[in-house]
There are 2 protein chains.
Amino acid sequence: MTRINLPVATVHVGREQSHLAWDPAISPIASIDSGEVVEFDCLDASNGQITAESTTESLADLDFAGVDQVNGPIEVAGAEPGDTLQVDLLDFTPADWGWTASIPGFGLLAEDFPDGHLKITRLSAASDRVEFWPGIRIPLAPFCGELGVAPETGPRSTIPPDLHGGNMDTRHLVAGSTLFLPIFHPGARFSVGDGHATQGDGEVSGTAIETPMRALIRLTVRKDLHVTGPEFLAAPDPHAALRNGARYATDGIGPDLMTAARDALRRMIEWLGREHDLEPMQAYLLCSVAVDLRISEIVDVPNFVVTAHCPLGIFD
Amino acid sequence: MTRINLPVATVHVGREQSHLAWDPAISPIASIDSGEVVEFDCLDASNGQITAESTTESLADLDFAGVDQVNGPIEVAGAEPGDTLQVDLLDFTPADWGWTASIPGFGLLAEDFPDGHLKITRLSAASDRVEFWPGIRIPLAPFCGELGVAPETGPRSTIPPDLHGGNMDTRHLVAGSTLFLPIFHPGARFSVGDGHATQGDGEVSGTAIETPMRALIRLTVRKDLHVTGPEFLAAPDPHAALRNGARYATDGIGPDLMTAARDALRRMIEWLGREHDLEPMQAYLLCSVAVDLRISEIVDVPNFVVTAHCPLGIFD
């Protein structure tokens, strides 16, 4: 999270310069040359509806028609369909707070958690760990959940990701990583949003630690490269030793990967209750921000294994 | 892979003491007290049909009715249904060779790779890396793909894993890890097999570096614990810095996780060809032993993201 030696942005995109659909019909708000740097100032994924003072009751007033906005689009001169957009992620600066929620009807275990819950977490620039529940300190690794170009056709919701990128919610896209996106329209038209202070692989409750985010991003047209979907050069995991150190892991096993993932997660929530006295809702939200879903085995037909990994280093 | 201070085994299970089904009707070959240590001498998953001198042509003679044998079963005195079997994985010693294959009709991309291929790799006890293709050295982290107890009902094939364990092919179950399995029958009746010198999350071609393996395992009955499927305490990833260092990653995105996994893998194979001049079959086998499948996002309906991660540290 060092900010030394960062390049200067050519364009600044304000938090109000956002849109609510991926749509090639949306006009660019600015144009840059290939290789220039843009600073994006993004509200959180609730588009400012949730604040540091919000409570679980606030979720009832959430207008879903206004969430998951993305800031942009920025046109990159010379970009043509079939080219690739190289997105160098230079820096992410979260706000001093974030929120994590279980929203009724949304999330991997929506059926198990019909009631909503909102948790506000205070963040500090002075530490790369945050106490999420008492005695449980999780590593911060900020990134943006939404990164995309104008899709082939639109308008499309900003909720599901697709080959143009969008809501990929991929925790490995931290500063130092480089994303490659296919280009479908002249100018590429890049937008970004959905700041996350940290997240587990899967984002199981449907939310990370959601936070307003400043993102510094270099956009470069690559005519020598053709990709068919998002690919990326991942920076070294900033918390590899903790995240891949001693872990407790639970399996889901069966012919359907989605069901296996749910089963693995349910067993992890059960373990967090048994061993760490967490209520199910506390455990579910912790999993969303700190537990990683991996596919352990995907070939031994008819049964496959999805494993949830919880790093033990988060427990005091 | 240190062998100092290892406990002495009470029972030695020979490579011929194996069975070809998970079945509660199979009688134990030996009985131990809870907490005793067993040494298992296991042939590779081909049950000795493939040797260090085998070639791709040898695959035509492979008798699938004789593969994926497991050694045991060992009865643990006092184990009752509803208890948990604690399986402390103390040491794994692979042979000095192993094999990796694409077997027609088997594997995540069976449709893309209709022709078989067999690759023999020489292993050395002196190094924790092995050159898999010229200039590509992958980390070794030996474990056993099959670890299980007598299932609730049987006989059952040893190919698919299930809640009793079995062919979980989980690369995190290296020495130092502890597996917890539900117990369905008196004595638990534990068996093990399918030695792997190393593997990626997913085991995408259907084979790891398959190798004969000596396994030293402590079996303990836990009456204070009840699990409903396999759970484990994972030892720190012995190659966390390499495996979670800089990586190239490719996405598959869509409503079906299996299809998304295939798409991510196909893009990874394409990248390995584009950037590292690997033939598709070379790339496919490399993915099976060194590339990890992670679920990046599983909540943004209707589209989910599976990501294949290839550590860059494997390339000279």
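The values are calculated or read from the model by the stated rules, or taken from the named source; none is laboratory data. The shown structure was predicted, so the numbers you read here are calculated from the model rather than taken from an experiment. Cβ sites come from the backbone with ideal geometry, for glycine too, and all protein chains shown count toward neighbours. Note: accessible area is taken over every heavy atom of the protein model, side chains too, but ligands, DNA and RNA are not part of it. Shrake-Rupley method; radii C 1.70, N 1.55, O 1.52, S 1.80 Å.
Once the 1.4 Å probe is applied to the protein heavy atoms, the range B:240-314 comes out at 25 Å² accessible per residue. For the range A:54-169, the calculated P(r), taken from all Cα-Cα distances in 5 Å bins from zero up to the bin holding the longest distance, is 2, 8, 14, 17, 19, 16, 12, 7, 4, 1, 0 percent. Charges only on Cβ, +1 for Lys and Arg, -1 for Asp and Glu: so what's the dipole of the range A:31-88 about the Cα centre, in debye to the nearest 20? Rounded to the nearest 20 debye, it is 120 debye.
When all protein chains stay in place and ligands, DNA and RNA are ignored, the 1.4 Å accessible-area order of A:285, A:20, largest first, is A:20, A:285. Against chain B, whose longest principal axis comes from its Cα atoms, helix B:257-276 is set at around 50 degrees.
When peptides B:106-116, B:297-307 are sorted by average Cβ neighbour count within 10 Å, with the highest value leading, the order is B:297-307, B:106-116. Annotation: residue A:274 carries an accessible surface of approximately 70 Å², with a 1.4 Å probe and no ligand, DNA or RNA atoms counted.
Remark: accessible area buried at the B-A interface is about 5400 Å², both chains counted, probe radius 1.4 Å. Along the range B:130-145 the Karplus relation, 6.51 cos²θ - 1.76 cosθ + 1.60 evaluated at θ = phi - 60°, assigns HN-Hα couplings of 9, 7, 8, 10, x, x, 10, 10, 10, x, 8, 7, x, 7, 10, x Hz to successive residues, with x for each Gly and Pro.
Here the dipole of the range B:83-126 is about 260 debye; that uses its Cα centre as origin and unit charges on the Cβ of Lys and Arg (positive) and Asp and Glu (negative). Would you mind pulling out the separation of the Cα centroids of the range B:81-149 and the range B:244-299, in Å? Here the answer is 18 Å between Cα centres. Selection among A:60, A:126, A:77 by position relative to the dipole of chain A gives A:126 as farthest towards the positive end (Cβ unit charges, Cα centre). Largest GNM mean-square fluctuation among A:35, A:193, A:154, using chain A with Cα springs under 10 Å: A:154. Relative to the longest principal axis of the Cα atoms of chain B, the long axis of helix B:280-290 makes an angle of roughly 40 degrees. Heavy-atom accessible surface of residue A:23, to the nearest 10 Å², is about 30 Å², with a 1.4 Å probe and all protein chains retained.
In chain B, helices alone account for a calculated mean residue ellipticity at 222 nm of -3500 deg cm²/dmol, with every DSSP H run of four or more residues adding -39,500 (n - 2.57).
Nearest to the axis that brings chain B onto chain A is this chain B residue, judged by its Cβ, with the distance in whole Å: B:257, 2. Across the range A:240-314, the relative contact order, built from alpha-carbon pairs under 8 Å that are at least six residues apart, equals 47 percent. The convex hull of the Cα atoms of the range A:157-316, projected and averaged over all directions, covers 11.6 nm².
Shown here is the pair-distance distribution of chain A: with all Cα-Cα distances grouped in 20 Å bins from zero up to the longest one, the shares run 33, 58, 9 percent. Of the residues A:229, A:187, A:98, the one that moves most in a GNM of chain A with alpha-carbon contacts below 10 Å is A:229. Positive-end ranking of A:295, A:176, A:161 along the dipole of chain A, with charges on Cβ about the Cα centre, is headed by A:176. Of the residues A:104, B:248, A:48, the one whose Cα sits farthest toward the positive end of the charge dipole of the protein assembly as shown, with +1 on the Cβ of Lys and Arg and -1 on the Cβ of Asp and Glu, is B:248. So if R0 is 41 Å, what FRET efficiency would residue B:112 and residue A:240 give, r being the distance between their Cβ atoms, rounded to the nearest 0.05? Efficiency computed from Cβ-Cβ geometry: 0.80.
Residues of the range B:121-142 with amide nitrogen under 17 Å from the 7 Å Cα-to-Cβ point of residue B:279? Taking a point 7 Å out along Cα→Cβ of residue B:279, the residues of the range B:121-142 whose backbone N falls under 17 Å are B:121, B:132-136. About the centre of its Cα atoms, the range A:1-109 shows a dipole size close to 140 debye [charges on the beta carbon of Lys, Arg (+1) and Asp, Glu (-1) only; nearest 20 debye].
Taken residue by residue and averaged, Cβ atoms of other chains lying within 10 Å of the Cβ of B:195-203 number 3. For the protein assembly as shown, carbon and sulfur atoms together expose 52% of the accessible surface, with a 1.4 angstrom probe and every protein chain in place.
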